[in-house]
Amino acid sequence: MNNVSVQMSERRRGLVWFIVPVIALAVLVVGLWPGADPATDPEARAYNLAVRLKCPICAGESLAGSQTDLAKDLRIRIADEIEAGSTDEEIIAMFVVNYGEQVLLDPPAAGWGIMLWAVPLGALAVGVVAIVGLRRRDRDPAGVEK
Amino acid sequence: MIAAAGYLSIVVALVSAIALTVQGVRVSRSPNPDPARVKIPAIGLVLGGVAAFTLLEIGILTHDFSIAYVAKNTALATPFVFLLAGGWVALAGSVVLWGLMLSLFTWLVWRKLRVGDGLGVLALGIIGAVAVFWFGLMATAANPFEVCTEVVNGFCAASSWWPLSAAAAPLDGIGPNPLLANHILMAVHPPLLYVGYVGFTVPFAFAIAALIRSDTGRVWLDRTHRWSLVAWIFLTAGILLGGWWSYEVLGWGGYWAWDPVENAALLPWIAATAFIHSAIVQSRRSMLQAWNFVLVIVTFALTIFGTFLTRSGVIASVHAFSLSVVGPVLLIFLGLIVFGSFGLFAARASTVASSPRLDSLVSREGFILLNNLLMTLFGFTVLFGTLYPLLVEAFTGREVAVGRPFFDRVAVPLAILVLLAIGTGSTAPWRLASGKVLWQRTRVGLNVGLAVAAISVLVGVGSVSVIVIIGLAGFVIANIVAFYLHQSSRAHGGGKSWPTALASTVRNDRGFWGGQVAHIGVALIAVAIGTTSALAIRTEVPLAVGETAVVEGYCVKYIEPFSRVEPTRNVQGARIAILDSTCSTTRAVLEPRLHEYPKFGQVITTPQVWTTWIDDVYLSIASLSDSGIRLKVLIFPLQWLVWVGGLTIVAGGTLALGRKRRDQSATPERGEQRERADV
């Protein structure tokens, strides 16, 4: 009798373990399927652009973070451009023309900019090799513990 | 008078520090090292350090404007809290605070020394050598007690380092940088950060002493375990409060901008986090001896590097509050530390035991290694990104900037991996985790994680990376809670009542459970960073008096403008009511303001925040005129979770401080038993 109820509750628990992830996965798939585009809201777009651009007269602040008058004007400029129908790339290009490439807080991966990708990836490779090496040394007879 | 006494105390501390170094080295080489023989220099250092700081504060509080530092950084009208904080708003003062803490730590270390403790005495000598640098800096390039010798137009125009020079005092001082005197948090954040920075001197000194003495076992690590943890806790709290200050003061609604100076505080934290984890592996599994030396040296070097970055003005930053000749001096010190320490390490490499007995990558130590890989990679990349503009400019002369997009691109994937590693690894058994055990300990989290991710989609999160991070945070927290309940239920099954069982589980291994609490804090912060970035609402509304606007379920109403004159600033503000979405019931009244500091010709936008369980409503004035205002309305969902998560990390660290390492004193057999009991 007791055994049966234990079996029942285990089966019910197994059912929960099954149903919860299935529903959750279904929601995730359905929710993300159309590739919901979060950047259609003009204000969010303007902010995302301001984050990528450096305030030209500030000490290391982005357009989004700076409280200077110039930054305020440039934020309005971005909003106006979005309203006028410019794409993100066009607005960024406009800033590069006006203020030079140093306005980009994310330097393009060309020339020196390649290092911003290559160096971290190189470091990752070195780290992985080091850890795998630590594992390998174990099989090396010389590394037998004392 | 105060200046002379202050300078004298710096000299006393400097001389004591030199004596401590020399005597520390000598005594440690004697056959039976007696700490009593370094007592006098240690006391001298403490007295000098405490006196220097106290005298500086007295000078500030009594408005002794004949001291150039006091005249520059404080004023008669400065409120009391910011007078106190005046002791560390600028470079020279903050070095004094640094010296105070270092001398107090020297005393705490000395108290624990026993006769015959050569390692400890030598470590004290190393701390003395570090103190020589800081007090030497105070006595020369960053003298806080420089005497004002000439007053022009009411300002101190010239000053002399010689404390007995004929003094001329302006009638009033200039006062602190407005950004630093705008919020109470600025009085608290730097001292916390400094305790953290300075605290790492102690483990560093013990590591160097261990290398010099070729005593490279785990003794230095065990003795400094609590020091590292305390320093790490303070560093965590300091960074957290710094973020909070940014949020409350800088007016754009963010708490982290990947600014070079913010990175400078984050870098030692990252290295220290890696160190704390790899130290556990050494004490439990006798691995990573060499790596721990590297990490502790890097952590300490990064604290100096952080100070250099903040104080040298070499990199443009919003937080670089003082520019001076101290930069090159700090850079030389940094070079000495890095080359000296690693040179010593290389010379002693043969004495550092290497016994890499990694049985399996799928084990607790395997996951901690993964943590170390991720932390090292993270730290290295943040360092590289911070220095990249300098490198490019040095080689090509071109100006470039690296900011949020780069750091986010690095941090988000690493955060995902870190959460995955925490959720899987922190409850995994040592040595070898079988697939079955791993599945048992992670399946609850997998389900909860999936469910939380699904809920976040239903709530409207659109960004895939944020959904993944929220799901993984659920995974981490659920696994830890499930493991906790599982362990406690075994104690409960052994006849204990549930409350006793729950409490005794923690009490038996406070180090482990403190770590898990901190892990939960990390997961909470990850969720909050996700929601506040992906679900934030940012909008600007024009309002005339009496008008309302509806923003995302809230109605804001411009009640009236106001203005008042305060001793140090003119305040202009707008009284704004926040009502429910139908604009009928008032729920809060906020007063976002513009603070004008006439002496500095600077206007600071001061936002005001209304916090609820769901979100923060953050109001900030974009522009204010007679016809009305343009009001920035920012809404950040679950913003409070950032602070609560941070506090949870601090609480976890504090819990772990009380850990009693039973296996340390126990016989090896009992240690083994415990290990098996853990599985």
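Structure above, values below:
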{"item": "Looking only at region A:64-94, and only at residues there that are within 12 Å of chain B (Cβ to nearest Cβ) and part of a helix (DSSP H, G or I), the one that is surrounded by the most Cβ atoms within 10 Å (Cβ to Cβ)", "result": "A:ALA71"}
{"item": "Matching residues, region A:46-63, being at the interface with chain B (Cβ under 8 Å from one of its Cβ atoms) and in a strand (DSSP E or B)", "result": "A:LYS54, A:SER62"}
{"item": "Which numbered condition B:ALA205 misses (of (1) surrounded by fewer than 22 Cβ atoms within 10 Å (Cβ to Cβ); (2) among the small types (Gly, Ala, Ser); (3) within 24 Å of the chain's Cα centre (by Cα))", "result": "(1)"}
{"item": "Total residues in region B:391-407, condition farther than 22 Å from A:CYS55 by Cβ and crowded, with 17+ Cβ neighbours inside 10 Å", "result": "0"}
{"item": "Complete set of residues in region B:493-503 that are touching a Ser or Thr at 6+ places or on another chain (Cβ under 8 Å) and not in a loop (DSSP other than H, G, I, E, B)", "result": "B:TRP498, B:ALA501, B:LEU502"}
{"item": "Region B:600-630, residues that are among the aliphatic types (A, V, I, L, M) and closer than 20 Å to B:LEU535 by Cα", "result": "B:VAL609, B:ILE614, B:VAL617, B:LEU619"}
{"item": "Any hit, region B:454-469, residues being part of a helix (DSSP H, G or I), in contact (Cβ under 8 Å) with a residue 12 or more places away in the chain, under 26 Å from B:SER360 (Cβ atoms) and not assigned by TED's automatic domain parsing to the domain that holds B:MET287", "result": "no"}
{"item": "Residue match in region B:250-270 (condition: under 21 Å from B:PHE367 (Cβ atoms) and part of a helix (DSSP H, G or I))", "result": "yes"}
{"item": "Long-range neighbours under 9 Å by Cβ, at least six apart or interchain, first residue in the same structural domain as B:CYS156 (by TED's automatic domain parsing) and modelled with pLDDT under 95 within region B:56-75, second of a type in the set (Lys, Arg) and not in a helix (DSSP H, G or I)", "result": "B:ALA75/B:LYS599"}
{"item": "Of all residues making up region B:338-383, the number that are more than 10 Å from chain A (Cβ to nearest Cβ), assigned to a helix (DSSP H, G or I) and of a type in the set (S, T, N, Q)", "result": "4"}
{"item": "Per-region count, region B:434-462, residues within 18 Å of B:ALA523 (Cβ to Cβ), of a type in the set (S, T, N, Q) and either touching a Ser or Thr at 6+ places or on another chain (Cβ under 9 Å) or more than 10 Å from chain A (Cβ to nearest Cβ) (or both)", "result": "2"}
{"item": "So B:GLU393, is it in a loop (DSSP other than H, G, I, E, B), within 14 Å of chain A (Cβ to nearest Cβ) and charged (D, E, K, R)", "result": "no"}
{"item": "Every pair of residues 6+ apart whose Cβ atoms lie under 6 Å, when the first sits in region B:259-288 and is touching a residue at least 60 places away in the same chain (Cβ under 8 Å) and charged (D, E, K, R) while the second is buried (at least 23 other Cβ atoms within 10 Å of the Cβ) and not in a helix (DSSP H, G or I)", "result": "B:ASP259/A:GLY60"}
{"item": "Filter result for B:THR386 (of a type in the set (Val, Ile, Thr), touching a residue at least 60 places away in the same chain (Cβ under 8 Å), under 27 Å from B:GLY521 (Cα atoms) and assigned to a helix (DSSP H, G or I))", "result": "yes"}
{"item": "Search result, residues across region B:504-540 that are of a type in the set (Gly, Ala, Ser) and part of a helix (DSSP H, G or I)", "result": "B:SER504, B:GLY511, B:GLY514, B:GLY515, B:ALA518, B:GLY521, B:ALA523, B:ALA526, B:ALA528, B:GLY530, B:SER533, B:ALA534"}
{"item": "Which numbered condition B:PRO542 misses (of (1) in contact with a strand residue (DSSP E or B) (Cβ under 8 Å, 6 or more places away or on another chain); (2) free of Cβ contacts under 8 Å to residues at least 24 places away in the same chain)", "result": "(2)"}
{"item": "Of the criteria (1) buried (at least 23 other Cβ atoms within 10 Å of the Cβ); (2) in contact with a Pro (Cβ under 6 Å, 6 or more places away or on another chain); (3) assigned to a helix (DSSP H, G or I), which one B:CYS156 fails", "result": "(3)"}
{"item": "Number of the exception - B:GLY423 against (1) more than 13 Å from chain A (Cβ to nearest Cβ); (2) surrounded by fewer than 17 Cβ atoms within 10 Å (Cβ to Cβ); (3) within 16 Å of B:VAL527 (Cβ to Cβ); (4) among the small types (Gly, Ala, Ser)", "result": "(2)"}
{"item": "Which numbered condition B:ARG431 fails, given (1) in contact (Cβ under 8 Å) with a residue 40 or more places away in the chain; (2) within 30 Å of A:ILE23 (Cα to Cα); (3) more than 7 Å from chain A (Cβ to nearest Cβ)", "result": "(2)"}
{"item": "Inter-residue pairs, beta-carbon under 6 Å, first among the aliphatic types (A, V, I, L, M) and in region A:78-91, second surrounded by fewer than 16 Cβ atoms within 10 Å (Cβ to Cβ), 6+ apart", "result": "A:ILE82/A:PRO42"}
{"item": "Pick from region B:12-28, criterion of a type outside the set (S, T, N, Q) and within 30 Å of the chain's Cα centre (by Cα), ranking: surrounded by the fewest Cβ atoms within 10 Å (Cβ to Cβ)", "result": "B:ILE18"}
{"item": "Hits in region B:396-420 (condition: of a type in the set (Asp, Glu) and facing chain A (nearest Cβ under 8 Å))", "result": "B:GLU399"}
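Condition check ((1) more than 28 Å from the chain's Cα centre (by Cα); (2) among the hydrophobic types (A, V, I, L, M, F, W, C)) across all residues:
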| residue | (1), (2) |
| --- | --- |
| B:VAL468 | no, yes |
| B:ALA482 | yes, yes |
| B:SER488 | yes, no |
| B:GLY493 | yes, no |
| B:SER497 | yes, no |
| B:ASN508 | yes, no |
| B:GLY514 | no, no |
| B:ALA534 | no, yes |
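Yes or no, residue by residue, for (1) surrounded by 14 or more Cβ atoms within 10 Å (Cβ to Cβ); (2) within 14 Å of chain A (Cβ to nearest Cβ); (3) free of Cβ contacts under 8 Å to residues at least 60 places away in the same chain:
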site	(1), (2), (3)
B:ALA534	yes, yes, no
B:GLU547	no, no, no
B:GLU560	no, no, yes
B:VAL565	no, no, yes
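The values are calculated or read from the model by the stated rules, or taken from the named source; none is laboratory data. Keep in mind the model is a prediction, meaning the values are calculated, not measured. Positions of Cβ are generated from backbone atoms using ideal geometry, with glycine treated the same way; all protein chains shown enter the neighbour counts.
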